[in-house]
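Taken together, the values in this text are just the output of simple stated rules run on the coordinates, not laboratory data. It should be emphasised that the depicted structure is a prediction, and the values quoted were computed from it without experimental measurement. Here Cβ is always computed from backbone atoms with ideal geometry, including for glycine, and neighbour counts include all displayed protein chains.
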Amino acid sequence: MQPDKFYYDNKIVRNFGIATVIWGIIGMLVGLIVAIQLYKPEMNMHNQYTTFGRVRPLHTNAVIFAFVGNAIFMGIYYSLQRLMKARMFSDVLSKIHFWGWQLIIVSAVITLPLGLTTSHEYAELEWPIDILITIVWVVFGINMFGTIIKRRERHIYVAVWFYIATFVTIAVLHIVNSVEIPVSFFKSYMVFAGVQDALVQWWYGHNAVAFFLTTPYLGMMYYFLPKMANRPIYSYKLSILHFWALIFIYIWAGPHHLLYTTLPGWAQSLGVVFSVMLIAPSWGGMINGLLTLRGAWDKVRDDVTLKFMVVGLTAYGMATFEGPMLSLKQVNAIGHFTDWIIAHVHVGALGWNGFLTFAILYWLVPRIYKTELYSKKMASFHFWIGTLGILFYAIPMYWAGFTQGLMLKEFTPEGILKYPSFLETTMRILPMHVMRSVGGALYLTGVIVMAYNLYKTAVQGKLVANEAAEAMPLPKLNPEAGTERWHRRLERKPIWFLIASLIVILIGTFVELMPTLTISSNIPTIASVKPYTPLELQGRDIYIREGCVNCHSQTVRPFRSETERYGEYSKAGEFVYDHPFLWGSKRTGPDLQREGGKYGNSWHYNHLMDPRLMSPGSIMPNYDWLITQKLDTTSTAAKIRAMQKLGVPYPAGYDKIANQDLDKQAKGISADLAKDHIKVKSNKEIVAIIAYLQRLGTDIKAGKTANN
Amino acid sequence: MSIIYFLIGCSVLLALVFLGAFFWAQRNGQHDDLYTPSVRILLDDDPDENDSKK
């Protein structure tokens, strides 16, 4: 038999590589800007489009989906072709995939600063972009499975299994977490409300970490690390074992993001149990990677790519040990909502994802350009400044997290809160925030040096766009047994069938279950909890647009330190009309669930105009554009109708008269402000957001039926 | 909290997909040889350096 001659597509790898570097620099630069805003709010450039609440999601989306996303595709397109001994299934699909993904990123860069957001963390993009993501993801899937099917190597190497798991799971997660009902082209409401929405979001959120930031990178580790060290993986058996263990366990760890919330206790405990179990398969991967280098540590001394791999794997090990620890309720009580979590995710992101990406780039770019790396010295400099950057980032953040977490819980011997003012704890950790941005700047410097180094490497070499390869075609299975052939052929495609059936089943489930689920579960369990008034609803959408949820939680945990500080702890029945939920995951400022009625309207007006007027030293930016911008009331009717569809009990035909109620309430607030000599027209956005803030958490005070 | 049944359903469904994939891998002989594949990926067969298209 003659070997087949074919060519690997290196150009698509190169394109994804360029995109990785460019978006990486942009995403990290945005990260640096938001980090500085946390101690210097003026860094928002006095502009709503560059203010923390809107730009922080831009940072997370850019580094996760643009930087890491492109890096994943770069790694997969390079390794998959070589592991399957086949060119990518279709050059056209590769191109559509590449440009489609960049289009998604560009639309995120445009819409997020405009405040177009669903407010679901790491899934902020609005529904038209969600559809685009689905299409591009399917294109990627067809391209990948097509390549797998026409492979010339019978055995599917473990790395490819990780890629398959990534594709299948992200597809399901993305669809489930994007079930939203459009109000207009740029606005939608989540179909689920309150505690249910929270569960869906974190089921998605945690698995996005698992199947976007972890499994594809483990797959790449299993290909690139042995290649870099030129020795086989320590234990192939272990790699298979920990792959299956990892994907079976990961899926239900999400509820550990919702400990001490109104999520049922058993669901919380389930999340904790699964999270703790995850240590074993996670460390299986780390150990397998590090032990691959046993007896070859001298190579690590000389080879900068291996240095990056070692630190990356170590960071992975630390983050996956810390994760289960943080999911223990006692630890979570202190760590949750603080900078500790920021430190935790950045050890993973900067160490594991960042360093692995850099290692792969340094290894891969010279190869596809058939040359040597331009400067090993620069790469070495990148390694050290990057490592320093991680340390300067993580240590102050841990310090800040412990400090604030403990301060917020501290009582005096007399039994009153030692630091009743939240702001006092914020100001205590500002020096750590300064240090953190120094760490981030160091890390970014390294990346810029890398970009230059890789550029020079590319210029001195020449891209081998189509790299020749040859391999024996796969022999047909059991050619002698004619009856078995169809069976065998079917066996070779079960993944296809399974995915197709999965999609069909999922669509069916949605159609059948969703209306029942959402409407029946929206029956209020607390009689005094009423839907938002039209003005409050509009105010809530401004709250979402400005990304307030990025700094302010709306869920009071049942601790004495929290009920003393904020008020009555949260009840599940209070959130039944919250499409989407706005519990948040970080308290850069205080919790707002019981904010309603705490201060007068004029306090809120002045505070939004310039927070430092009411709270000297506050790091909250000015929201003065809310005073000048007119509230768009043309959308009220559509919003009410959408809410009605979701089961919110507005009376029939209310959409037509909603704006009358809105005007009346707005005039009332405007008149109340006039008493304090604040002149503001009732049609301004600030009136709506004040109405919403004043409503927050007041419903259960209205009736004595607060019994959940 | 009916959503939890839906999510558990999705999770179980995914798990079943992976279980199916696992059984396929097992029956397909993917797990028969747990050493050679790790070495095989290290061998790059560069047929002809000059053969690559521009």
Exercise for the section: Mind jotting down the distance between the C-alpha centroids of the range A:610-668 and the range A:364-404, whole Å? Expected result: 45
Practice task
When a/c is below 1.5 the answer is rounded, else prolate if a/b is larger than b/c, else oblate, so apply that to the range A:354-471 with a ≥ b ≥ c taken from the square roots of the Cα gyration tensor eigenvalues.
Solution key: prolate
Practice task
Can you tell me the 0 to 90 degree angle between the C-alpha axis of helix A:494-521 and the longest principal axis of chain A, rounded to 10?
Solution key: 10
Exercise for the section: Taking H placed 1.01 Å from N in the peptide plane, check which residues at least 5 places from A:F411 or on another chain put their amide H under 5 Å from its amide H. Expected result: A:K418
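Expressed in nm to one decimal, what extension gain is obtained for the pair A:K667 and A:F321 from 0.36 nm per residue of sequence separation less their Cα-Cα distance? All intermediate terms of the calculation are to be shown ahead of the outcome.
Working: separation 346, 0.36 × 346 = 124.56 nm, distance 5.49 nm.
That pair, A:K667 and A:F321, stretches by 119.1 nm at full extension.
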Handout entry: Computed [θ] at 222 nm, deg cm²/dmol, chain A (DSSP H ≥ 4; -39,500 (n - 2.57); rounded to nearest 500)
Key = -20000 deg cm²/dmol
Exercise for the section: Sort A:D632, A:D591 so the one with the fewest other Cβ atoms within 10 Å of its own Cβ comes first. Expected result: A:D632, A:D591
Completion exercise
Mean per-residue count of partner chain Cβ within 10 Å for B:30-38 equals 6
Exercise for the section: Among DSSP beta bridges whose residues both lie in the protein assembly as shown, state the antiparallel percentage, nearest 5. Expected result: 95
Exercise for the section: Using just the alpha carbons, could you tell me how many Å³ per residue the convex hull of the range A:585-708 encloses? Expected result: 150
Fill in the blank from the handout: The relative contact order of chain A, taking Cα pairs under 8 Å that sit 6 or more residues apart, comes to a percentage of 17
Completion exercise
By the C-alpha gyration tensor axes a ≥ b ≥ c (rounded if a/c is under 1.5, else prolate when a/b exceeds b/c, else oblate), the shape of the range A:1-44 is prolate
Exercise for the section: Output the Cα-based Rg and Dmax of chain A in Å, rounding Rg to one decimal and Dmax to a whole number. Expected result: 26.7, 94
Practice task
Give me the angle, in degrees from 0 to 90, between the Cα long axis of helix A:265-277 and the longest principal axis of the Cα atoms of chain A, rounded to the nearest 10.
Solution key: 30
Handout entry: Positive-end extreme of charge dipole, the range A:320-459 - chosen from A:A343, A:P413, A:T457 (charges on Cβ)
Key = A:T457
Problem - chain A: angle of helix A:482-491 to the longest principal axis, Cα-based, in degrees nearest 10 - result: 40
Practice task
Treating cross-link reach as a plain straight distance, find the aspartates and glutamates whose alpha-carbon is under 13 Å from the alpha-carbon of A:K664, omitting any fewer than eight places away in the same chain.
Solution key: A:E536, A:D672
Practice task
Give the peptides A:652-665, A:209-222 in descending order of average Cβ contacts within 10 Å, highest first.
Solution key: A:209-222, A:652-665
Exercise for the section: Would you kindly state how much longer the chain becomes between A:F559 and A:I22 on full extension, computed as 0.36 nm times their sequence separation minus their alpha carbon distance, in nm to one decimal? Expected result: 188.8 nm
Fill in the blank from the handout: From the Cα centre of the range A:519-596 to that of the range A:249-316, the distance in Å is 33
Problem - Shape category assigned to the range A:255-364 from the gyration tensor of Cα positions, a/c cut at 1.5 - result: prolate
